[in-house]
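S.K.: Before anything else, here's the structure in question.
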Amino acid sequence: MNGNKPELLAAAGSLREVEAYIASGATAVLIGEDKFGMRLPGSMTLTEIEEAVRIAHDRQAKVYVSLNNLMSNEILGELPSYVEALAEAGVDAVEFGDPAVLRAVNQHAPGIKLHWNAEMTSTNYATANYWGSKGASRVVLARELNMDELTGMKPHLQVEAQVQVHGMTNIYHSKRRLVRSYMTHQGRPVDGENLGLERGLFLIEAERKEEKFPIYEDINGTHIMSSDDICILEDLHILLEAGLDSLKIETLLKPMNYNCKVIQIYRTAMDAYFEDPEGYEFQEEWLDAIREVQDPERELSFGFFYKEQVY
């Protein structure tokens, strides 16, 4: 059994959310600016990031900054000064998928830890360890891995492992502005209209009208999200037993009060497990508390945790 309690990580989009999520039990927050990071619940300036670090560190929590965007040649020129500013702000780590970020951090801000997050391509320990040999200290494991693959990979990893345990997942991304193009084609010009997170747009397939896939458009293109929410609370103890280092709650497109409740419940379950691992029992009222605030149109599911993969 792993004797170290893993961190509970939550994405935050504002200083208010940073404070609220840490107060609810998160021990790390993921933040960023939408120029450099994608699918963030809100974009924060360097000044706000600096303040977020102060808030978090005063409460013994960590701050990670997302640099997971698809880096263009134009952005590359801004990376050195940006990572230098992040280092001066005192951030604990950055998430990256592009080697250009790794190179910029190694050259201009070597004190910042690197978390490799390549979305669906982080599916084996050899690739994760390769990035570890290049300087990464953590791998963000793919959401498509099932429970056996996740727990079976941990003993072979030479870096920390992070896994998402709650919330929606991204199922499609395009750099193109597909929502704007579609509406214009339908005779609805949308110049000046907000097609972002706040708009509340959904994609519905003709064959599955009961499922709603959130879709939004921002400076990074078009994002389509899952129609259900991962919730591994019932089997959280399996991940804790396996020794995963970081458990992430995805807060995107959820109100703050919902996210605070979810964080509180996962914190309660984690603390109960580590108080008495041998005697730990899942409490149904924990899940009931999440169901009370869950959007009735969004099912809670195990995601890919118990799906057999076919390669």
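The values are calculated or read from the model by the stated rules, or taken from the named source; none is laboratory data. Predicted model only: the values in this text are computed from it and were never measured. As a convention, Cβ positions derive from the backbone with ideal geometry for all residues, glycine included, and neighbour counts pool all protein chains shown. All accessible areas refer to the heavy atoms of the entire protein, side chains included, with ligands and DNA or RNA removed. Shrake-Rupley method; radii C 1.70, N 1.55, O 1.52, S 1.80 Å.
S.K.: Once you put a point 7 Å from the Cα of L46 and another 7 Å from the Cα of F274, both along the Cβ direction, what distance in nm separates them?
M.R.: Label-label distance for L46 and F274, simple model: 3.5 nm.
S.K.: What's the carbon and sulfur percent of the chain's accessible surface, probe 1.4 angstrom, rounded to a whole number?
M.R.: Percent of accessible area from carbon and sulfur atoms in the chain: 48.
S.K.: Further, regarding this structure: Taking a threshold of 22 Å on the Cα-Cα distance, which of the pairs K209/K261; K134/K154; K113/K134; K5/K113 fall above it? The partial results should precede the final answer.
M.R.: Working: K209/K261 29 Å; K134/K154 19 Å; K113/K134 12 Å; K5/K113 20 Å.
Those over the limit are K209/K261.
S.K.: By the gyration tensor of its Cα atoms, with a ≥ b ≥ c the square roots of the eigenvalues, what is the shape of segment 1-108: rounded for a/c under 1.5, prolate for a/b over b/c, or oblate? Walk me through the numbers on the way to the answer.
M.R.: Details: a/c = 1.87, a/b = 1.55, b/c = 1.21.
Judged from the Cα gyration tensor, segment 1-108 comes out prolate (a/c at least 1.5, a/b above b/c).
S.K.: Still on this model: Subtract the Cα-Cα distance of E284 and H156 from 0.36 nm times their separation in residues, and report this length gain in nm to one decimal.
M.R.: 42.7 nm
S.K.: Straight-line reach from K212: which aspartates and glutamates fall under 17 Å, measuring Cα to Cα and dropping same-chain residues less than 8 apart?
M.R.: Cα-Cα hits under 17 Å: E198, D228, D229, D295, E297, E299.
S.K.: Moving to a separate point now. Can you tell me how much longer the chain between T127 and D148 gets when fully stretched, taken as 0.36 nm per residue apart minus their C-alpha distance, in nm with one decimal?
M.R.: On the way: separation 21, 0.36 × 21 = 7.56 nm, distance 1.80 nm.
Difference between extended and current length: 5.8 nm.
S.K.: Further question: Any idea of the accessible area per residue across the chain, 1.4 Å probe, to the nearest Å²?
M.R.: In whole numbers, the chain has 47 Å² accessible per residue.
S.K.: Taking the Cα centroid of segment 100-169 and of segment 46-87, what is the distance between the two, rounded to the nearest whole Å?
M.R.: The distance from the Cα centre of segment 100-169 to that of segment 46-87 comes to 18 Å.
S.K.: May I pose another question? Between R59 and R267, what length in nm is gained on full extension when 0.36 nm per residue of separation is reduced by their alpha carbon distance? Write out the running numbers ahead of the final one.
M.R.: Working: separation 208, 0.36 × 208 = 74.88 nm, distance 1.56 nm.
Net length gain for the segment: 73.3 nm.
S.K.: Something else about it: Order these peptides, 69-80, 241-252, 275-286, by their mean beta-carbon neighbour count within 10 angstrom, highest first.
M.R.: Per-residue mean Cβ counts within 10 Å order the peptides as 241-252, 69-80, 275-286.
S.K.: Give the peptides 141-147, 42-48 in descending order of average Cβ contacts within 10 Å, highest first.
M.R.: Per-residue mean Cβ counts within 10 Å order the peptides as 141-147, 42-48.
S.K.: Which ³J(HN,Hα) values, rounded to whole Hz and listed in residue order, are derived for segment 153-170 from phi using the Karplus coefficients 6.51, -1.76 and 1.60 in 6.51 cos²θ - 1.76 cosθ + 1.60 with θ = phi - 60°, glycine and proline given as x?
M.R.: With coefficients 6.51, -1.76 and 1.60, one gets 7, 4, x, 8, 7, 9, 10, 5, 10, 10, 9, 7, 10, 7, x, 7, 10, 7 Hz.
S.K.: Let me ask another. For segment 90-95, take each phi angle, set θ = phi - 60°, evaluate the Karplus expression 6.51 cos²θ - 1.76 cosθ + 1.60, and give the result in whole Hz per residue in order, putting x for glycine and proline.
M.R.: x, 5, 8, 6, 10, 8
S.K.: How would you classify segment 238-311 from its alpha-carbon gyration tensor, with a ≥ b ≥ c the square roots of the eigenvalues: rounded for a/c under 1.5, else prolate if a/b is greater than b/c, otherwise oblate? Spell out each step's value before the answer.
M.R.: On the way: a/c = 1.72, a/b = 1.12, b/c = 1.54.
Taking the square roots of the gyration eigenvalues as a ≥ b ≥ c, segment 238-311 is oblate.
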